[in-house]
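A short write-up of the structure that comes next.
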Amino acid sequence: MEGHESATASHDGPVIGEPRWPMATAVLVVIALTILLPNSLVVRPRWGVPVVEAILLVAVMIGDPGKIDRRSRPVRAISVTLIALLVATTLLCTSELIVQLIRGGRATDSAGLLLAAGGIVWASNVIAFGLLYWELDSGGPAVRAHGLPRYPSLAFPEQLTPELAPPDWRPRLIDYLYLGFTSATAFSPTDTMPLRPWAKVAMMLQSGISLVLLGLVIARAVNVLK
């Protein structure tokens, strides 16, 4: 799929690679958030997964430092592995929190701890899914730097109404983080439409998780405060 998208990308315009530091910052934020979770919600071993994620991030930054414009399969493979691990970790923490919300647990006995843990898990999901959209859309950021494909995975407003966008516009990480945020708050697409099956499945999954998580956290917090 991504190879086809890359082949159909336009190479007539200039190469516009986005900086690496926003992606690195987002990854570090997710790692930090998962470390802040209570012991009962973290993936074991507690420091094992964050260390692996940090090593993968360093490898990506060494392989393609500065601006993201190098179409390298090894670098892409490491980047996809890193983001898949981030998403898997946040999903495991989310599922554990949901189990404790239903059955009871240390993280859900106090309204303050519950709201803090719920906020951390929710924010981690927003950023992790934003990174997932960013990495998988249109062959990834390095491919998008050389031109957008004719048939993208996600249709942004700037693509649907190109007369409103600057010349040679490319979606950047902030656009995908915004997509992750709106999917988690509106529980549906807002201004960006999923076109490929994987994008529709990912958005359904994120919206469903957010709906269940927010509903259970609020209900449990109200019950604890009574």
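What follows draws every value from the coordinates through simple rules; no lab data is involved. Just so you know, these numbers come straight off a predicted model, no measurement behind them. So basically every Cβ, Gly included, is an ideal-geometry build from the backbone, and we count neighbours across all protein chains shown.
With 10 angstrom as the radius, rank ARG73, ARG220, ARG172 by how many other C-beta atoms surround their C-beta, starting from the fewest. Walk me through the numbers on the way to the answer.
Numbers: ARG73 7, ARG220 20, ARG172 17.
Lowest count first: ARG73, ARG172, ARG220.
May I ask you to derive the FRET efficiency for THR190 and SER110 from their Cβ-Cβ distance with R0 = 25 Å, giving the value to the nearest 0.05? Spell out each step's value before the answer.
Values: r = 34 Å, r/R0 = 1.36.
With R0 = 25 Å, the Cβ-Cβ based efficiency is 0.15.
Can you figure out the FRET efficiency of VAL15 with THR81, using R₀ = 25 Å and their beta-carbon distance, to the nearest 0.05?
Details: r = 25 Å, r/R0 = 1.00.
After rounding to 0.05, the efficiency reads 0.50.
Helix-derived [θ] at 222 nm for the chain: sum -39500 (n - 2.57) over DSSP H runs of at least 4, divide by residue count, nearest 500?
Numbers: 9 runs with 146 residues, N = 226.
The helix-only estimate for the chain comes to -21500 deg cm²/dmol at 222 nm.
Relative to the Cα centre, what is the charge dipole magnitude of the chain, using +1 at the beta carbon of each Lys and Arg, -1 at the beta carbon of each Asp and Glu, and rounding to the nearest 20 debye?
Values: 18 positive and 16 negative charges, 142 e Å.
So the dipole magnitude of the chain works out to roughly 680 debye.
Please go through segment 82-187 and write out the chymotrypsin sites (Phe, Trp or Tyr not before Pro) that DSSP classes as loop and that have at most 11 other C-beta atoms within 10 Å.
Sites meeting the loop and neighbour criteria: none at all.
Sorted by packing (mean other beta-carbon atoms within 10 Å per residue), highest first, where do 14-26, 81-93 land? List each step's numbers first, then the result.
Working: 14-26: 15.8, 81-93: 19.6.
Highest to lowest by the protection proxy: 81-93, 14-26.
Using the C-alpha gyration tensor of segment 149-218, what are the square roots of 5 times its eigenvalues, in whole angstrom, with the largest one first?
26, 13, 9
Taking the Cα centre of segment 103-226 as origin, work out the dipole magnitude from +1 charges on Lys and Arg Cβ and -1 charges on Asp and Glu Cβ, in debye rounded to 20. Don't jump to the answer; show the numbers that get you there.
Numbers: 10 positive and 8 negative charges, 104 e Å.
Computed about the Cα centre, the dipole is about 500 debye.
How do the peptides 205-212, 45-52 rank, highest first, by the average count of neighbouring beta carbon atoms within 10 Å per residue? Present the calculation step by step, with values, prior to reporting the outcome.
Values: 205-212: 17.2, 45-52: 13.2.
In decreasing order of mean packing, 205-212, 45-52 become 205-212, 45-52.
Quick check: the angle from helix 111-136's long axis to the longest principal axis of the chain, C-alpha only, nearest 10 degrees?
Tilt relative to the chain: about 20 degrees.
Mean-square fluctuation check for the chain, GNM, Cα pairs under 10 Å: which of ALA123, ALA199, ALA77 is largest?
Highest fluctuation of the listed residues: ALA77.
Taking the chain as a Gaussian network, where each spring joins two C-alpha atoms under 10 Å apart, which residue of LEU216, LEU131, LEU97 fluctuates the most?
Fluctuation is largest for LEU216.
As a test of the definition: which semi-axes, in Å, follow for the chain when you take the square root of five times each eigenvalue of its alpha carbon gyration tensor? Largest first, please. Please report the intermediate quantities before stating the final value.
Numbers: eigenvalues 230, 83, 32 Å².
Values for the chain, descending: 34, 20, 13 Å.
Using only the alpha-carbon atoms, how far is helix 173-186 inclined from the longest principal axis of the chain? Give it as 0 to 90 degrees, nearest 10.
40 degrees
Give, to the nearest whole percent, the P(r) tail of segment 53-95 beyond 13 angstrom, counting all Cα pairs. Write out the running numbers ahead of the final one.
Numbers: 495 of 903 pairs.
So the portion of pairs separated by more than 13 Å is 55 percent.
By the scheme Lys and Arg +1, Asp and Glu -1, what is the net charge of all other residues having a beta-carbon under 10 Å from that of LEU179?
Details: positive: none; negative: ASP137, ASP175, ASP191.
Residues near LEU179 contribute -3 overall.
Around VAL30, what is the net charge, scoring Lys/Arg as +1 and Asp/Glu as -1 over all other residues with Cβ under 14 Å from its Cβ?
Numbers: positive: none; negative: GLU53, GLU135.
Local charge sum for VAL30: -2.
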